[in-house]
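Okay, structure first, notes after.
The values are calculated or read from the model by the stated rules, or taken from the named source; none is laboratory data. The model shown is predicted, which means the values in this text are computed figures rather than measured ones. A quick note on method: Cβ atoms are made from the backbone with ideal geometry, for glycine too, and the neighbour counts reach across all protein chains shown.
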Amino acid sequence: MSDAEKLSARQQGLAEWKNESVQSLIDWAQAVRVDEQGMLENPLGAMGPVEELLRDEDISTLGREDFNWLAAKLLVYVAAVLAQANGGSWAVDDDPSSPSYTRYVIRNDAGEKFDPGRVVMGYFGDPPGRSLVQHIAAAEAAATT
């Protein structure tokens, strides 16, 4: 599939992605044992339980299915935190010069783009003792326009 085809498919699927993200965030709230409505309204408020759950987890021991589930849920959570903190929402990166071209990102009114997928993969690449807060802060500092 060409980049143009990926971009078109992602743009066409954006509304569905947004809807599915809400359910995914609810699923994540259940997994980390926090209030679902609280997670939807203030995802940053769940950072403590999320950090505690994953900080010392050896992610390399997860099977593919568990890894993919965790990555998908954490991606939506990180996106919700970035959206809340930066006043943004889901969008498709349509800038061919961007490292996140054709991917779902968080974009705010200032045009800044934040890549939750990059946050999650960087976080997963760290050894136990990792900090999601640090990865999110780095993504905010590296926001692209």
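Assorted remarks:
- Of all residues in region 92-128, those that are outside any loop (DSSP other than H, G, I, E, B) and surrounded by 15 or more Cβ atoms within 10 Å (Cβ to Cβ) total 16.
- Selection within region 1-37 - in contact with a strand residue (DSSP E or B) (Cβ under 7 Å, 6 or more places away or on another chain) and more than 23 Å from residue 50 (Cα to Cα): 7, 10, 11, 14
- Among residues of region 98-122, those that are of a type in the set (Ser, Thr, Tyr) and at positive phi, counted: 1
- Unique residue being in contact (Cβ under 8 Å) with a residue 12 or more places away in the chain, in contact with a helix residue (DSSP H, G or I) (Cβ under 7 Å, 6 or more places away or on another chain) and under 24 Å from residue 142 (Cα atoms) when the list is 98, 24, 89: 89
- For region 1-17, the candidate set comprises residues that are among the charged types (D, E, K, R) and surrounded by 14 or more Cβ atoms within 10 Å (Cβ to Cβ); within that set, the residue that is modelled with the lowest pLDDT is 6.
- Residue count, region 27-72 (criterion: exposed (fewer than 12 other Cβ atoms within 10 Å of the Cβ), in contact (Cβ under 8 Å) with a residue 24 or more places away in the chain and part of a helix (DSSP H, G or I)): 0
- Of all the listed residues (24, 89, 8), the sole one being hydroxyl-bearing (Ser, Thr, Tyr), closer than 19 Å to residue 123 by Cβ and outside any loop (DSSP other than H, G, I, E, B) is 24.
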